[in-house]
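S.K.: Before I ask anything, let me first share the structure, which is written out below as structure tokens.
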Amino acid sequence: MAEREQLEAWLVATAQGDEQAFRKLYSATSSQLYSLLLRILRSPERAQDALQDAYVRIWQKAHTYAPERGAPLTWLLSIARYRALDMLRRKQPEVAMPEEPDRVATLLEDEQSLSPLEENENQQSLSAINACLGDLSDEQRQCVLLAYYEGLTHQELAERMDAPLGTVKSWIRRGLLRLRDCLAEEAIS
Amino acid sequence: MSDMQHDDRDLDAAEYVLGTLSPEAARDMAERMAREPELARAVADWETRLARFGEDLAPVEPPARVWQAISDDLSMTRPTGRGDIREAANDSALRRWRIAAVAASTAAILLAGALWLGGPTGGPVEAAAQPTYASMIYDQPTGMSWLIHSAGQDDNALAVEALQNYDVPEGKALRMYVRGPGGEASLVGDLPHAPGQYTMDLSTSARQMMARNSEIVVAMEDAGQTASQPNGRIMWVSPIALRRS
């Protein structure tokens, strides 16, 4: 993955209509966005549609990127993920995907072994998020991960977790608070 | 603000980013973000926190055809352009739409401007008592156009004029939405595609959205499905011009 400064430079150039810079931005980041879209949409075809949509939007909206609001990759991933959530909310898959009961556990295992970490700063960040996930209760962690990686709503989470809606909402909110506070502590230490 | 209120706002932001809010709550959040910078900041902070999950995944190279499709789109849109259009890459019934799919062109903007000013005669027009809106959808390859503007002073409806016939595949519908600056959208209804003048009702949320920096979005969707936000292929995006009395 390119350095943050390089991604920012490509984004600035993209905002000015530089197709070469946009191509470089795509080459440097599309595999990360595509990986996330595959996780959320669970269909290569839909993930590719979403990826296309996301980059067309990035091309058009590059001028709205504000470095002070976050890293370029954060912005790109957010655009892609919102697009994926939008697709999930508006249409159920025409062919139901097989259930994967241990998906969250698999995700957690994957997170330990995936991601060739190319930047020390990024390594620290990833370690922090994994360490903080361990700070959550099992239910809180599952809810947060299922919502992030599969785009489940409160109701869908309640069904998947076989728990009352109010309980699920509480798990999520407490889990998020704990995650926020843990990440803040990690940043300080 | 108390710690509890701060936490509530922060958690609202977190759930907005996580995607667990209902569509209505998400729309409310998008509107609040426009007028509450601290909330927008909280959302950005949560995007940064949660993006780490996405950064943590092993990269997967997308097929080369995805870039080719994006590249095709770039030839028809500019970063500062007001719209884009995409074609279904894998749906043969819609394949021709890739060629036909074009953003609202400069001509469209000019025509919308003419509509805005009261027509090509350029004579003075009486300002309406309420905000009025104008937009235009223009499909460059076919020349198909829709003129869209306020239907009345109460702005509870839109007047839509389809200038030609536009073929829509069986089982599909051209669905029109108003989309706000935060990406939130409100369904207006099925866009007529036979020549004629029509009136389309505007919901309260759509009307409120139009008063801000919003745009018309038309998507090709399954006729039997309705949703409050675009789900199918976005065919055209066109800005909404606003005039205040």
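S.K.: Filter the stretch B:143-182 down to the residues that are surrounded by fewer than 16 Cβ atoms within 10 Å (Cβ to Cβ) and closer than 15 Å to residue B:215 by Cβ and list them by number.
M.R.: B:181 - this is the single residue of the stretch B:143-182 that is surrounded by fewer than 16 Cβ atoms within 10 Å (Cβ to Cβ) and closer than 15 Å to residue B:215 by Cβ.
S.K.: Exactly one condition in (1) under 14 Å from the mean Cα position of the chain (by Cα); (2) closer than 30 Å to residue A:4 by Cα; (3) modelled with pLDDT of 60 or more; (4) not assigned by TED's automatic domain parsing to the domain that holds residue A:36 is false for residue A:131; which is it?
M.R.: Among (1) under 14 Å from the mean Cα position of the chain (by Cα); (2) closer than 30 Å to residue A:4 by Cα; (3) modelled with pLDDT of 60 or more; (4) not assigned by TED's automatic domain parsing to the domain that holds residue A:36, residue A:131 violates only (1).
S.K.: Considering the stretch B:191-235 alone, what residues qualify as being closer than 21 Å to residue B:163 by Cβ and in contact with a Ser or Thr (Cβ under 9 Å, 6 or more places away or on another chain)?
M.R.: B:215, B:216, B:217, B:218, listed by residue number.
S.K.: Is it the case, given these coordinates, that residue A:64 is more than 7 Å from chain B (Cβ to nearest Cβ), on the phi < 0 side of the Ramachandran plot and out of contact with any Cys (no Cβ under 8 Å at 6 or more places or on another chain)?
M.R.: Details: more than 7 Å from chain B (Cβ to nearest Cβ): yes; on the phi < 0 side of the Ramachandran plot: yes; out of contact with any Cys (no Cβ under 8 Å at 6 or more places or on another chain): yes.
In short, yes.
S.K.: List the pairs whose first member sits in the stretch B:3-22 and is part of a helix (DSSP H, G or I), whose second member is buried (at least 19 other Cβ atoms within 10 Å of the Cβ) and among the acidic types (Asp, Glu), and whose Cβ atoms are under 7 Å apart, counting only residues at least 6 apart or on separate chains?
M.R.: Here the result reads B:17/B:47, each pair linking the stretch B:3-22 to a residue that is buried (at least 19 other Cβ atoms within 10 Å of the Cβ) and among the acidic types (Asp, Glu).
S.K.: Next question. Looking at (1) part of a strand (DSSP E or B); (2) within 14 Å of chain A (Cβ to nearest Cβ), which is the only condition residue B:216 fails?
M.R.: It fails just one condition, (2).
S.K.: Okay, moving on. If a residue must be within 8 Å of another protein chain (Cβ to nearest Cβ) and in a helix (DSSP H, G or I), how many such residues does the stretch A:2-32 contain? Give the derivation first.
M.R.: Step one: of the stretch A:2-32, the residues within 8 Å of another protein chain (Cβ to nearest Cβ) are A:14-17, A:19, A:22-23, A:26, A:30-32.
Then keep just the ones that are in a helix (DSSP H, G or I); that gives A:14-15, A:19, A:22-23, A:26, A:30-32.
Of the residues in the stretch A:2-32, 9 are within 8 Å of another protein chain (Cβ to nearest Cβ) and in a helix (DSSP H, G or I).
S.K.: Same structure, new question: Restricting attention to the stretch A:1-17, which residues are over 23 Å from the mean Cα position of the chain (by Cα) and either crowded, with 17+ Cβ neighbours inside 10 Å or outside the structural domain of residue A:61 (by TED's automatic domain parsing) (or both)?
M.R.: Those that are over 23 Å from the mean Cα position of the chain (by Cα) and either crowded, with 17+ Cβ neighbours inside 10 Å or outside the structural domain of residue A:61 (by TED's automatic domain parsing) (or both): A:13, A:15.
S.K.: Restrict the check to the stretch B:162-175 and report whether at least one residue is within 11 Å of chain A (Cβ to nearest Cβ), part of a strand (DSSP E or B) and in contact with a Ser or Thr (Cβ under 9 Å, 6 or more places away or on another chain). Break it down stepwise before answering.
M.R.: Of the residues in the stretch B:162-175, the ones within 11 Å of chain A (Cβ to nearest Cβ) are B:175.
Now restrict to residues that are part of a strand (DSSP E or B): B:175.
Filter once more, keeping what is in contact with a Ser or Thr (Cβ under 9 Å, 6 or more places away or on another chain): B:175.
So far as the stretch B:162-175 goes, yes, one or more of its residues are within 11 Å of chain A (Cβ to nearest Cβ), part of a strand (DSSP E or B) and in contact with a Ser or Thr (Cβ under 9 Å, 6 or more places away or on another chain).
S.K.: Kindly indicate the residue of the stretch A:171-189 that is farther than 14 Å from residue A:147 by Cα and free of Cβ contacts under 8 Å to residues at least 12 places away in the same chain and also farthest from the other protein chains (Cβ to nearest Cβ) among those meeting that condition.
M.R.: A:189
S.K.: Kindly check whether there is at least one residue in the stretch B:71-91 that is facing chain A (nearest Cβ under 9 Å), crowded, with 18+ Cβ neighbours inside 10 Å, modelled with pLDDT of 90 or more and within 27 Å of residue B:203 (Cα to Cα).
M.R.: Within the stretch B:71-91, not a single residue is facing chain A (nearest Cβ under 9 Å), crowded, with 18+ Cβ neighbours inside 10 Å, modelled with pLDDT of 90 or more and within 27 Å of residue B:203 (Cα to Cα).
S.K.: Quick check: anything in the stretch B:38-51 surrounded by fewer than 20 Cβ atoms within 10 Å (Cβ to Cβ), free of Cβ contacts under 8 Å to residues at least 24 places away in the same chain, of a type in the set (D, E, K, R) and within 7 Å of another protein chain (Cβ to nearest Cβ)?
M.R.: Taking every residue of the stretch B:38-51 in turn, none turns out to be surrounded by fewer than 20 Cβ atoms within 10 Å (Cβ to Cβ), free of Cβ contacts under 8 Å to residues at least 24 places away in the same chain, of a type in the set (D, E, K, R) and within 7 Å of another protein chain (Cβ to nearest Cβ).
S.K.: Here is a follow-up. Starting from residues that are hydroxyl-bearing (Ser, Thr, Tyr) and surrounded by 19 or more Cβ atoms within 10 Å (Cβ to Cβ), keep the ones in the stretch B:9-37 and report whichever is farthest from residue A:77 (Cα to Cα). Give the steps one after another, and end with the answer.
M.R.: Initial filter on the stretch B:9-37 (hydroxyl-bearing (Ser, Thr, Tyr)): B:16, B:20, B:22.
Right, trim to surrounded by 19 or more Cβ atoms within 10 Å (Cβ to Cβ) and you get B:16, B:20.
Working: B:16: 15, B:20: 17 Å.
Out of the qualifying residues, it is B:20.
S.K.: Among the residues in the stretch B:189-208, are any within 11 Å of chain A (Cβ to nearest Cβ) and part of a strand (DSSP E or B)?
M.R.: Taking the stretch B:189-208 first, the residues within 11 Å of chain A (Cβ to nearest Cβ) are none.
There is no residue in the stretch B:189-208 that is within 11 Å of chain A (Cβ to nearest Cβ) and part of a strand (DSSP E or B).
The values are calculated or read from the model by the stated rules, or taken from the named source; none is laboratory data. Just so it is clear, the model here is predicted, and its values are computed rather than measured. Heads up, the Cβs are rebuilt from the backbone with ideal geometry, glycines too, and the neighbour counts pull from every protein chain shown.
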